[in-house]
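Have a look at the structure below, then the notes.
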Amino acid sequence: MPGTQRGGYVDPVDLRVEARAQRKSVGRMRHLIRGSLSIVWKASRAALIASIVIQLSGALLLAAQVWAVKLVIDALLNAEAAGLGSAIGPIALLAAATALATLVGALQTSVNRYLGERVGQRMLTEVLAAAGDVDLIHFESPAFYDSLKRVQANASSAPFQVTQSLIAIIGSAATTLSVGASLVVIYPPLLLLLVLGGVPLYLLRRVVSRRNFQFAVDQTPNQRLRGYLTYLQADRVAAQEIRAFDLSEPLLRRFAGAYRSYLAALKTHLKAIAGITLLGNIATALVLAAALLAVGWLVATGRTSVAAAGAAVVAIRLLQGQIQTLYAGMQQIFESGLFLDDVHTFMDLAIAARRSTGIRPVPATFSALAADHVTFRYPNAEQAALDDVSVTIRPGEVIALVGENGSGKTTLAKLLAGLYAPSAGSVTWDGVPLRELNPADLRARIAVIFQDFVRYAFSARDNIAPRGDGTEGGVMHAAEAAGATATIAALPDGLDTTLSRMFRGGVELSGGQWQRIAIARAYYKDAPLVILDEPSAALDPRAEYELFQTLRATLQGRSALFISHRFSTVTAADRILVLDHGRVAEQGTHAELIAAGGQYAELFRLQAEAYTARKDAP
């Protein structure tokens, strides 16, 4: 896989280095064309065939116009002797060919637009599917987000651009052959002059392509920053804090600064491109002038007729454009290939993730889920988030994870859920490493709700059952277990109410109400292991007490791992693990840890004293 390894992730920014080193070979062009055609063919074979047929028809019509011009000039020159009636047929032919060419051009635009949308749909679907399969750890890397941003922008366009360029090449080649035949009849060196004259332009466009790709790569972080600042200033949730802290002007300044930086880089880039383009245009103008002078010389020396010369002038102008299109199409294929490499690098991450997953089925129940001497380090992190941690969860157990912020609680939960792979050690289900188990089976056996759970702008039903399989009885049973029935009953359309003001008819819930909906989501899954990360963070003390008093009954024999920063809520857990700087500092029951007088006892006392002080305050 191309790119540089950084913390286990391939940095696609380094593709620009490889892009400079890539050879523009016939073999590479063949590979790009074959791959892109395959994508477009799968997207819509009928539209692709129609586009090719229309392109070839346009080429034939251009040739017809050239010959029609010759016939019209001949007829007009002979009009005095033969009468104007002899020109009616050639003029009608020229008018018909021109009208049909215009119609074909309009049809080509419509077909290409439809084909582009179909390719965009297919590729974006594949990218989103790949994003869902990529290992979660990649989302901890800024380089991954840069890659994802470029892929989202280019995945739908690059394959279509390659195919469009190929179709343009086919049309230009057909036009060159058909129209070029007229020049060969008049004076063969003219065609050779036009073909060779396009070579400098092609070489200069290679330089432009590389510069365009490098500029796109270099500006991806800036583009992401501008996108984020745009999102912040238009997001409903962020809007309240932006107003509370009067952040609108500072955010606008940041946005303006990022845009200034981008525009300065763009200005430099466009100046360089303009210089290269100027050289190309000068070369093109010189070739055109040489060709027209050659035609004049042919007429002056009596080597061709005026009518043939007129047709030659039209043919030269058409052919110069077609030859430029031919070379431009070849270069567009190579340029799009650079972006396709970026897309394929991203897709390879998902392919690698799929290949590395196990196939062994996961039993419906388990005897032990164990982390054995697990160490985990985030990409580019200097210190490990977890260091030699061991923990075992058995059927029916309720285990609590406590510790100060940054102690590794959520990281451990993600490893136990199979969302992260340990850097060292192993996590096993009944003694089988999670990496050997079928991931779909594993996810079906573990229900996870994190503190930063997703608030879907869907119905209440689909928030509790986001896979779209929610039955009335099952959803309401989960809602009752999470204490969310009163919230649902108050909604204007019950379970069918959209939980967001983003869409018409939607409503917004409070933080505590949302948390109960999220907990109901975990209960609805009916998995043998439930992991709850700060499940009561947004609940008031009474609601929190009720939740944990009923937790064991609600689980109905299932195992639970819950993370909490409120020590009063974990006293009834079967075991309590105290994490400190990524290591298990203590573990035991509440009574055992209090008696030990260690970190847990100290933190429990500090929280209790703080609560008592607030209660006794006047």
Complete set of residues in region 265-284 that are of a type outside the set (Lys, Arg) and open to solvent by 60 Å² or more (accessible area, probe 1.4 Å): 268, 270, 277, 278, 279, 281, 282
Residue within region 579-602 that is within 20 Å of residue 449 (Cβ to Cβ) and either at pLDDT 90 or above or of a type outside the set (A, V, I, L, M) (or both) present: yes
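So, of the residues in region 473-505 that are hydroxyl-bearing (Ser, Thr, Tyr) and assigned to a loop (DSSP other than H, G, I, E, B), which turns out to be surrounded by the fewest Cβ atoms within 10 Å (Cβ to Cβ)?
Ranking the candidates gives 500 first.
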Any hit, region 79-90, residues being touching a residue at least 24 places away in the same chain (Cβ under 8 Å), open to solvent by 40 Å² or more (accessible area, probe 1.4 Å) and in a helix (DSSP H, G or I): no
Subset tally (residues that are assigned to a loop (DSSP other than H, G, I, E, B), free of Cβ contacts under 8 Å to residues at least 40 places away in the same chain and not β-branched (Val, Ile, Thr)) for region 441-469: 4
Residues that are without any contact (Cβ under 8 Å) to a residue 40 or more places away in the chain and more than 21 Å from residue 540 (Cα to Cα), drawn from region 492-515: 492, 493, 494, 495, 496, 497, 504, 505, 507
Selection from region 414-440 of residues that are part of a helix (DSSP H, G or I) and within 24 Å of residue 570 (Cα to Cα): 414, 415, 416
Test set (1) under 26 Å from residue 239 (Cα atoms); (2) under 33 Å from the mean Cα position of the chain (by Cα); (3) at pLDDT 85 or above - residue 492 fails condition number: (2)
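Every residue, every condition in (1) within 26 Å of the chain's Cα centre (by Cα); (2) crowded, with 21+ Cβ neighbours inside 10 Å, yes or no:
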residue: 387; (1), (2): no, no
residue: 393; (1), (2): no, yes
residue: 403; (1), (2): no, yes
residue: 417; (1), (2): yes, yes
residue: 420; (1), (2): yes, yes
residue: 436; (1), (2): no, no
residue: 447; (1), (2): no, yes
residue: 450; (1), (2): yes, no
residue: 453; (1), (2): yes, no
Only listed residue being open to solvent by 80 Å² or more (accessible area, probe 1.4 Å) and modelled with pLDDT of 85 or more, chosen from 113, 45, 34: 45
Cross-chain or 6+ apart pairs with Cβ under 9 Å, region 245-258 first and under 16 Å from residue 235 (Cβ atoms), then of a type in the set (Ser, Thr, Tyr): 255/230
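The values are calculated or read from the model by the stated rules, or taken from the named source; none is laboratory data. No experiment lies behind these values; they were computed from the predicted model shown. Glycine gets a Cβ as well: all are built from the backbone with ideal geometry, and neighbour counts include every protein chain shown. Quick note on the areas: whole protein, heavy atoms, side chains included, nothing else; ligands and nucleic acids left out. Shrake-Rupley method; radii C 1.70, N 1.55, O 1.52, S 1.80 Å.
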